[in-house]
1. Could you give every pair whose Cβ atoms fall below 7 Å, whose first residue belongs to the range 20-41 and is without any contact (Cβ under 8 Å) to a residue 60 or more places away in the chain and over 18 Å from Asn73 (Cβ atoms), and whose second residue is part of a helix (DSSP H, G or I) and of a type in the set (Val, Ile, Thr), counting only separations of at least 6 or pairs across chains?
2. Would you mention how many residues in the range 16-58 are more than 12 Å from the chain's Cα centre (by Cα), closer than 19 Å to Pro93 by Cα and in a loop (DSSP other than H, G, I, E, B)?
3. Is it true that Leu69 is under 15 Å from Ile133 (Cβ atoms), at pLDDT 95 or above and either of a type outside the set (Ser, Thr, Tyr) or assigned to a helix (DSSP H, G or I) (or both)?
4. Here are Val61, Val99, Val13: which of them is under 20 Å from His137 (Cα atoms), modelled with pLDDT of 95 or more, in a strand (DSSP E or B) and over 14 Å from the mean Cα position of the chain (by Cα)?
5. Out of all the residues in the range 123-131, is one or more part of a loop (DSSP other than H, G, I, E, B) and buried (at least 16 other Cβ atoms within 10 Å of the Cβ)?
6. Across the range 102-122, which residue is surrounded by the most Cβ atoms within 10 Å (Cβ to Cβ) among those that are in contact (Cβ under 8 Å) with a residue 40 or more places away in the chain and in a loop (DSSP other than H, G, I, E, B)?
7. Filter the range 65-83 down to the residues that are charged (D, E, K, R) and under 15 Å from the mean Cα position of the chain (by Cα), then identify the one that is nearest to Glu37 (Cα to Cα).
8. Given the structure, is Leu60 aliphatic (A, V, I, L, M) and more than 19 Å from Thr118 (Cα to Cα)?
Amino acid sequence: MAIRNIVEKGDPVLNKVCRPVTAFNERLWELLDDMHETLHNADGAGLAAPQVGILRRIALVMLDDGSYLEIINPEIISREGTQSGTEGCLSVPDVFGIVERPMNVTVKAQDRYGKEFTVDAEGFTARAFCHEIDHLHGHLFTEIVKKYVDINNTDEE
């Protein structure tokens, strides 16, 4: 396993649509393992493959218990309700903003072996799924921020 460099805003890879994963093999497993180590090192709530320069539909999302779920070729198949909350991003360091997201989502994805599954999420976890899946479509949270905030002073920037 290796810690990969996290790409930051301004790098064009973050604005590109990712391609689906079709090969569930050792190369994919190595990337997933590297993403786990990178995310653990960065102390984040999620990480998408384009954030490490790979244009594939792969992400890790923190669950309520603090573990990370690998989602490959994910798609949100249902959304309910709304929530507003503060978001940040490892690719946009030291920037935080209020973003509106669904309160509940159901995501269909594949695991590292290609097996399909669905997962229901609410609250913070639903927010994390939406945030990471947006990365796979070439979008950053800064595109939908309602208001930027300084998390140290809670004043508007």
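1. Within 7 Å, the pairs are Thr38/Val52.
2. 2
3. Values: under 15 Å from Ile133 (Cβ atoms): yes; at pLDDT 95 or above: yes; either of a type outside the set (Ser, Thr, Tyr) or assigned to a helix (DSSP H, G or I) (or both): yes.
It is true that Leu69 is under 15 Å from Ile133 (Cβ atoms), at pLDDT 95 or above and either of a type outside the set (Ser, Thr, Tyr) or assigned to a helix (DSSP H, G or I) (or both).
4. On the way: Val61 fails: over 14 Å from the mean Cα position of the chain (by Cα); Val13 fails: in a strand (DSSP E or B).
Result: Val99 is the single residue among Val61, Val99, Val13 that is under 20 Å from His137 (Cα atoms), modelled with pLDDT of 95 or more, in a strand (DSSP E or B) and over 14 Å from the mean Cα position of the chain (by Cα).
5. Start the filter on the range 123-131 by keeping residues that are part of a loop (DSSP other than H, G, I, E, B), which leaves none.
There is no residue in the range 123-131 that is part of a loop (DSSP other than H, G, I, E, B) and buried (at least 16 other Cβ atoms within 10 Å of the Cβ).
6. Arg112
7. Looking only at the range 65-83, we keep the residues that are charged (D, E, K, R), and these are 65, 70, 75, 79-80.
Still in the running and under 15 Å from the mean Cα position of the chain (by Cα): 70, 75.
On the way: Glu70: 13, Glu75: 24 Å.
It comes out as Glu70.
8. On the way: aliphatic (A, V, I, L, M): yes; more than 19 Å from Thr118 (Cα to Cα): no.
In short, no.
The values are calculated or read from the model by the stated rules, or taken from the named source; none is laboratory data. Computed from a predicted structure; not experimentally measured. Methodologically, a virtual Cβ is constructed for each residue, glycine included, from the backbone with ideal geometry; neighbour enumeration extends over all protein chains shown.
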